[in-house]
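Read the structure below first, then the notes.
Every number in this text was worked out from the coordinates using simple rules, so none of it is lab data. Remember, predicted model here, so these are calculated numbers, not experimental data. Here Cβ is always computed from backbone atoms with ideal geometry, including for glycine, and neighbour counts include all displayed protein chains.
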Amino acid sequence: MVKQSFKLGDIEFSNRVLAASGTFGYGDEVKELVDVNRLGGIVTKSLSWKPRDGNAPRRIAETPAGMLNSIGLANIGVHKFIEDKLPYLRALKTVKVVNIAASSVQEYCDVLSLLDQQQGVDAFEINVSCPNVKEGGLSFGTNCDMVREITAELRALTKKPLIMKLTPNVTHISEFARAAEDAGADAVSVINTLIGMAVDIKTRKPKLSTVTGGLSGPAIKPIALAKVYEVAQAVKIPIIGVGGISTVEDALEFLLVGATAVQVGSINFIDPSAGPKIADGLAAYGEKQGLGDVGQLVGAMDSNVEFSVLQSWL
């Protein structure tokens, strides 16, 4: 049998496929459709200190090979999550990673500190693609110093694995990955959604109420792969690849360019069982290749191209 598990800090994941934040709710929404325990882990929908209604409709639009969303980090708030959702999550055998979103450094710290005390929370993923209300609404994730500061502040508050989810909407994502690594992050998730938009030619209006939104799905996979490869050349901490993964072939590509694990996102809206299927597919591929561990695929791409040459294209 091929080994599928891997460790992040003191936490062991049964396989290398996780459900991405925002695509699996809090886990209980899909329990009638798929055995969540077959996933290596589930990343919850983003949580903030207070409940958020999110943006006004319309906030989802289908695009060729993808989708745009402008949900606006709508969520039930950390207190309601602990009361209503955490009891179900505690009973799961899979790893529970709680995603945190905030509009200030203090809010990040408050949410994490409260969750760190709770049984059933195994790790944290920090969404830094959030508006910093003290800086005119600019995203934390596009300021390298802010990513470093948030990582350092949160690192001091928990011994659990800390994963920083990075935005691709920057020039060199590797700089942000290095900042997170230097400040104590255990891993980085690469990438979050890309900025995109769509227009209704009949009404001549944007299809989203916020005009632009986050693009996800197969359309962004080539970009996500390039970003993972870039980051893999820059840091030593594990990378969790995210972006357009729909098949086992997609997941294999991410592992080969340097991802330790992957998250499946938009495909869950079409097939909630995609994650377990991909995990099974990775194991089958490993057996066919005569591998003892799926981890042997991480960074195993055969390339004679120097990264310094590629940088001119990034």
Please report the spacing between the Cα centers of segment 1-43 and segment 246-266 in Å, no decimals. 14
The exposure ranking of V211, V147, V98, V121, fewest beta-carbon neighbours within 10 Å first, is V211, V121, V147, V98
Summing Lys, Arg as +1 and Asp, Glu as -1, what charge do residues with Cβ under 11 Å from the Cβ of V294 carry, V294 excluded? 0
Exposure proxy check on T171, T23, T63: fewest-to-most Cβ neighbours within 10 Å is T171, T63, T23
Along segment 234-251, Karplus-curve 3J(HN,Hα) (6.51, -1.76, 1.60; θ = phi - 60°) to the nearest Hz, with x for Gly and Pro, reads 10, 10, 9, 6, x, 10, 9, x, 9, x, x, 7, 10, 9, 5, 4, 4, 4
For H172, the net charge from surrounding residues (Cβ-Cβ under 12 Å; K, R +1; D, E -1) works out to 0
For segment 1-150, what log10 I(q)/I(0) values come out of the Debye formula at q = 0.13, 0.17, 0.18 1/Å, with one point per alpha carbon and no solvent? -0.65, -1.07, -1.17
Cross-link pairs K96/K165; K165/K207; K85/K221; K45/K165 - those with Cα-Cα distance over 24 Å: K165/K207; K85/K221
Surrounding net charge for G77, when Lys and Arg each add one and Asp and Glu each subtract one, Cβ distance under 9 Å: +3
Given the rule -39500 (n - 2.57) for each run of at least 4 DSSP H residues, summed and divided by the residues of the chain, what is its mean residue ellipticity at 222 nm, to the nearest 500 deg cm²/dmol? -7500 deg cm²/dmol
When N counts the residues of the chain, how does its alpha-carbon radius of gyration compare numerically with 2.2 N^0.38 Å, as a ratio? 0.94
Going through segment 56-109, which chymotrypsin sites (Phe, Trp or Tyr not before Pro) have at most 12 other Cβ atoms within 10 Å and a DSSP loop state? none
From fewest to most C-beta neighbours within 10 Å, the residues M197, M164, M301 line up as M301, M197, M164
Using only alpha carbon positions, build the gyration tensor of segment 194-284, then give the equivalent ellipsoid semi-axes as the square roots of 5 times its eigenvalues, largest first, whole angstrom. 29, 18, 9
When only C-alpha pairs under 8 Å and at least 6 residues apart count, what is the relative contact order of the chain, in percent? 19
